[in-house]
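Note sheet for the following structure.
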4 protein chains.
Amino acid sequence: MTIRFGVIGTGAIGREHIDRITNTLSGGRIVAVTDVNQDAANQVVNQFGLDAVVYPDDKALLEDKNIDAVLVASWGSAHEASVLGAIEAGKYVFCEKPLATTAEGCMRIVEAEMKHGKRLVQVGFMRRYDSGYVQLKEAIEGNVVGEPLMIHCAHRNADVHERYTTDMAITDTLIHEIDVLHWLVNDDYKWVEVIFPKKTKHALDHLQDPQMIIFETKTGLHISVEVFVNCKFGYDIQCEVVCEEGTLKLPEVPNVLVKKEAQLRVPLLMDWKLRFIDAYDKELQDFMDSIARTGQPQGPTAWDGYIAAVTADACVRAQQTGKRESISLIDKPAFYYPPSEI
Amino acid sequence: MTIRFGVIGTGAIGREHIDRITNTLSGGRIVAVTDVNQDAANQVVNQFGLDAVVYPDDKALLEDKNIDAVLVASWGSAHEASVLGAIEAGKYVFCEKPLATTAEGCMRIVEAEMKHGKRLVQVGFMRRYDSGYVQLKEAIEGNVVGEPLMIHCAHRNADVHERYTTDMAITDTLIHEIDVLHWLVNDDYKWVEVIFPKKTKHALDHLQDPQMIIFETKTGLHISVEVFVNCKFGYDIQCEVVCEEGTLKLPEVPNVLVKKEAQLRVPLLMDWKLRFIDAYDKELQDFMDSIARTGQPQGPTAWDGYIAAVTADACVRAQQTGKRESISLIDKPAFYYPPSEI
Amino acid sequence: MTIRFGVIGTGAIGREHIDRITNTLSGGRIVAVTDVNQDAANQVVNQFGLDAVVYPDDKALLEDKNIDAVLVASWGSAHEASVLGAIEAGKYVFCEKPLATTAEGCMRIVEAEMKHGKRLVQVGFMRRYDSGYVQLKEAIEGNVVGEPLMIHCAHRNADVHERYTTDMAITDTLIHEIDVLHWLVNDDYKWVEVIFPKKTKHALDHLQDPQMIIFETKTGLHISVEVFVNCKFGYDIQCEVVCEEGTLKLPEVPNVLVKKEAQLRVPLLMDWKLRFIDAYDKELQDFMDSIARTGQPQGPTAWDGYIAAVTADACVRAQQTGKRESISLIDKPAFYYPPSEI
Amino acid sequence: MTIRFGVIGTGAIGREHIDRITNTLSGGRIVAVTDVNQDAANQVVNQFGLDAVVYPDDKALLEDKNIDAVLVASWGSAHEASVLGAIEAGKYVFCEKPLATTAEGCMRIVEAEMKHGKRLVQVGFMRRYDSGYVQLKEAIEGNVVGEPLMIHCAHRNADVHERYTTDMAITDTLIHEIDVLHWLVNDDYKWVEVIFPKKTKHALDHLQDPQMIIFETKTGLHISVEVFVNCKFGYDIQCEVVCEEGTLKLPEVPNVLVKKEAQLRVPLLMDWKLRFIDAYDKELQDFMDSIARTGQPQGPTAWDGYIAAVTADACVRAQQTGKRESISLIDKPAFYYPPSEI
């Protein structure tokens, strides 16, 4: 079975997914594309030698009966409408983050999907497919060192463009920890607090950098995340889980060990795209394989998209108030529990 | 362009490649299979849901005009005939090691390929596609720490089956170092010596284990490889290159870091198949991509297969004589130099 | 010059220092001891073969003109009186933590020492002599990666006795971070907050364990310290300083690397005494050497003892209120600035 | 008990030991010195403020009844006579390597000591006191990973002075591995072979650098040591013991971990003196403590000095012949077995 994709949004991320489906992964084919910039859409078809229809807009694309799944890679504010349209048309959806820009928008998608009656949507939270996080999750579930009590994380970027604002530390950067950490410990967030440490001289005036984000979960787990987006030295993702009988730590990215000029040196990544490049491949391959095998995607759900939106909102409030802000989710619908947990 | 594969040999390795081409990689399709065990061939077609012809033997398969490339994964002694047949038929060949069981057999393939006039053959030396070795090669070619002078390696398997004999430490195990090391430093072997250290109690009577293999290259580089196939603790590949201004070391396989019971513990691989699983994918994807892009495979050549055969022969002689054995290659044909080096 | 020591308190720590001065270090000699338990004092003299007078109490010992320096290793509540008595007698004092059990007591010592006119007192904060912290300090002062912005620490003990209470996480455990961190970044604390994460099942009912302590310094540096005293797996001290151009991390304690049973394993310390054993030697050797060379000790001062007391008080309040508590020091007297900084 | 030392040879190493005994260690005192350069001897007395007699030569010094132990730190060729004289005078001797410049000279010392009837001599092989080697030895004797089969070592110096010759790679450099490795595995050497790899451009014409030295022991253990004395990047000591159930590896020297400019960097030592600085202290403290406690030194014996001399001779022959050279020791006298092994 080959899954026929229609791609909405042919910017940088859209093109990467098109390349991936066309030239790296197995089981999928791009049969249609659209973009607000029609030229860009046409150009992509040529660039990758696609046998694909170029539609004027997502509405037209969603009417194409030859499309099995829609890949949403447009601007964030356009996601909700495309995803709702795809569900309406009964198509599978792989949607880049955010699922929608508001919690309410995410809920509308959740409700539409439940009404449809089976899972169609997967959100592009790729970290769950990273081998390091998978090893952490296995160790936690295998009870290797007992119950988790605390998680210490860092999310460091070498630098950011000048349009990056203080709230984007949450919505663009922390958003990945928000998703992966609640999945990791199978828990929900209770409150969040944001502290602004001494600011680096490398951040522009309008940007608070670094930031410390502190969560408590429903079961009392303490989580702290350093977000530092002008750390200069590299792209660096840290995660240590402190448990009742020991600790678990995400491995460093492997690289050649060089001894030179009185130092042991191991190269670090500068480009964030390379850190999770395998995870990007795996999330999309899993999306296709799961649909082919079970008729439903198995990755991050629309409900996970809703959690991320509610949590990010609380984090941004916490940036503004300097106080602990509650994170209140509605009850998780049975629809989103894995069969084994119902 | 989709490359249509005919597979000769549907044993364990053959099935893995079929699975890879069918379910993981992009750009290839299995259209024919054959195996000395016809039932096995039929079963594979069912198992992977292939739309493929089952041929009674490689001769019949090679006559199929719909086949672009042949994947040879039969017993080693059958490789030469299949590869020669494929060249005769003008088909591409991806041949698992060994290319042929004798240096003369390899030379016949080299000559047939040169007569054909362009490269058709790639040998399955996957380590050249491992990210660690690639990083080593880049560091050497980038002159990060100057000219290589010595290489210290270890190739350790947790254990081996009882039919594993002393010479297989060369032909099945060291063979990977033989290929990857001369590629790494772009040099040829001059002599080899084999030393048998104290034998582990975990080796059966008929098997000398561990072994130390010492090479000198044409330019005087010193290479030592520990081969230890009943090391019990894991599958462990080490490579350190000592250069004029520093050293380069292959990274360890990354894994979660556990602190527990008074120890820092990092899991090691036990199963050799997992160590180079990415490299297996990459070598075959590169085979397909290179053919699609340039009309010729770019990976390890028939000439590399010849080098491996000549070198392995000398190593086995050195096991028997306990002395330094010369490694004599004929002059490398211009055909096998990269265009940039001619 | 040999420094003649009178030791007040011959319990476990007192005996260790006596052993150190007698059998390991150079330049000191025990000439007098006292303990509330007179038998214990006599026994120590025999055990170490000392040529030393046993006094009935610290008052009598302090009158001995043959004593150059007093080593205070009695119960914490007795420290203040002994130290004041030693200053009164014009003797040098090496005082184990705490200098006094209250900030006011510490201030009385500070004032007495200033009145005396030159430094006599060193407090036993040994971490400043640990080679790892010294390397961190050199890297910070050498501006290796720019200005510090955040410090992430952990202080983990395998377990504690049943009399260990929640406030002792501050006064017995965190007290070392309190001293070493302000020294490390040459800054003062501004406020502290204590968070109680999910409690480990290995802690007795009366004890909150683990705890997260968060400081902000005068210059805005963010410091977080995990204190976890029933972590089971070992004695583990972590310190990472995040700076404007990179990070600095305390090295792990070196130990033999073992590959065994599918794991890389490195032994961790279980016994806290072994972690800083070199630092204990160095602090006392430095005390003796500095007095011999300059007439004054150069290690942690009475003022540092005062900082520790004020800060620990605020931390204990923060444990009780769950809120940010201010840390207010009086102005640092010129007397305690190094000559170069006045 | 204070051990009164007479020092023969007040060059660099002699002065370091004088400093150590006077200012760092406990239990010793320098009471006499001599040097072929009388001015140097006088200057040392002033420099360290010693209360010590300056003798015109070692003969005069050895007659001083107030001397308990002699520290021999003169030129290698003068060692034998001084050590024999000290034994004759019934004094303890701490002798820097080499014990004597010939195997015959070492044997004369062994015989003199046996005739004296109890151990007097300790040779300055400090590595046995390094915590890393001690951990290796404990792991081997504790059977942590079974019986040793192979040892892979490297001994790398950043650079050497221009008077350093090819044989000094054995007598000045490898000599430390020669001693520590046979102690580590409690085995004797059988043969040695020396291979000269490609020469570094950083070595002067007269010097073969690097060198590979290969040993086989009596029980069949394979040992290889890379000696590379112009490696440029640092002073680097490696030792990996491969055993029947796993491997053991000497830890790296701990240092602050710096992330900076796209690299993880850990400083390496450049100065060899710093690598074993703790071991230098411990060997001499142990010499004094053992004498005080048991009346005999417990460290490396005159017999170990003889082993080192015989082995180094064979290594130098192997450099010249390019062949395997036998290492033949006479039978080890019962005198030199630890009581437990007789």
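Quick check on the protein assembly as shown: take the gyration tensor over C-alpha atoms, sort the square-rooted eigenvalues as a ≥ b ≥ c, and tell me if it's rounded (a/c under 1.5), prolate or oblate.
Note, shape of the protein assembly as shown comes out oblate.
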Legend entry - Three-way shape label, region A:232-342, alpha-carbon gyration tensor, a/c 1.5: oblate
Legend entry - Taking N as its residue count, the alpha carbon Rg of chain D over 2.2 N^0.38 Å: 1.01
Inset, instruction - Under 24 Å Cα to Cα from residue B:59, which lysines show up? Leave out anything in the same chain fewer than 8 places away. - result: B:91, B:97, B:115, B:118
Legend entry - residue D:141-residue B:219 pseudo-label distance in nm [points 7 Å out on the Cα-to-Cβ vector]: 4.7
Legend entry - Peptide B:141-151 - average C-beta neighbours from other chains (10 Å radius): 4
Legend entry - Shielding of C:285-292 by partner chains, average beta-carbon count, 10 Å: 1
Inset, instruction - Take the alpha carbon atoms of region B:139-200, find their center, do the same for region C:307-342, and report the distance between the two centers in whole angstrom. - result: 61
Legend entry - Angle between chain B longest axis and helix B:131-141 axis [Cα atoms, degrees, rounded to 10]: 70
Inset, instruction - Tell me the label-point distance for the pair residue A:51, residue C:59, using the 7 Å Cα-to-Cβ offset, in nm and rounded to one decimal. - result: 10.5
Inset, instruction - Divide by every residue of chain C the summed helix terms, -39500 (n - 2.57) for each DSSP H run of at least 4, and state the resulting mean residue ellipticity at 222 nm, rounded to the nearest 500 deg cm²/dmol. - result: -10500 deg cm²/dmol
Inset, instruction - Nearest to the axis that maps chain B onto chain A: list the chain B residue whose Cβ wins, with the distance in whole angstrom. - result: B:254, 2
Inset, instruction - May I ask for the angle, rounded to the nearest 10°, between helix C:175-185 and the longest principal axis of chain C, with both axes built from Cα atoms and the value confined to 0 to 90°? - result: 80
Inset, instruction - Once the label point is placed 7 Å from Cα along Cβ, list for residue A:296 the distances to the corresponding points in the other copies, in nm, shortest first. - result: 5.3, 7.5, 8.0
Legend entry - Principal-axis tilt of helix D:76-88 within chain D, Cα atoms, nearest 10 degrees: 50
Inset, instruction - Shielding by partners for C:223-229, please: the mean number of other protein chain Cβ atoms within 10 Å of each residue's Cβ. - result: 3
Legend entry - Signed unit charges on C-beta, dipole axis of region D:212-252, positive-most listed residue D:248, D:223, D:235: D:235
Legend entry - Overall form of region D:33-89 per C-alpha gyration tensor (a/c, 1.5; a/b vs b/c): oblate
Inset, instruction - Using Cα centres only, tell me the gap between region B:29-53 and region C:81-136 in whole Å. - result: 83
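Which peptide among A:148-158, D:140-150 comes first, and what is the full order, when sorted by highest mean count of other Cβ atoms within 10 Å? Mind showing how you got there, number by number?
Values: A:148-158: 23.0, D:140-150: 17.5.
Top of the packing list down: A:148-158, D:140-150.
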Legend entry - Student exercise, region D:144-302 dipole from Lys, Arg, Asp, Glu Cβ charges, in Debye to nearest 20: 580
Legend entry - Members of B:323/D:273; B:260/C:198; B:282/C:249; A:137/A:273; B:218/C:260; A:232/C:259 lying beyond 30 Å, as alpha-carbon distances in this model show: B:323/D:273; B:282/C:249; B:218/C:260; A:232/C:259
Legend entry - Inter-copy label distances at residue D:331 (7 Å, Cα→Cβ; nm, one decimal): 6.4, 8.5, 9.0
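Just order C:327-335, D:86-94, C:291-299 by mean Cβ neighbour count inside 10 Å, highest at the front, would you? If you can, show how the numbers build up before the last one.
Values: C:327-335: 12.7, D:86-94: 21.6, C:291-299: 15.9.
Going from most to least packed, we get D:86-94, C:291-299, C:327-335.
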Inset, instruction - Output, in nm with one decimal and in ascending order, the distances from the residue B:65 label point to the matching label points of the other copies (7 Å from Cα along Cα-to-Cβ). - result: 3.7, 11.5, 12.1
Inset, instruction - With no solvent and one equal point scatterer per Cα, compute the Debye intensity ratio I(q)/I(0) for region C:131-270 at 0.11, 0.12 Å⁻¹ and report its log10, rounded to two decimals. - result: -0.47, -0.55
Inset, instruction - With springs only between Cα atoms under 10 Å apart, run a GNM on chain A and tell me which of A:193, A:244, A:113 wobbles the most. - result: A:244
Legend entry - Span per principal axis, largest first, for the Cα atoms of region B:303-342 (Å): 40, 15, 13
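Read the figures in this text as sums done on the coordinates, not as results from a lab. Computed from a predicted structure; not experimentally measured. Glycine gets a Cβ as well: all are built from the backbone with ideal geometry, and neighbour counts include every protein chain shown.
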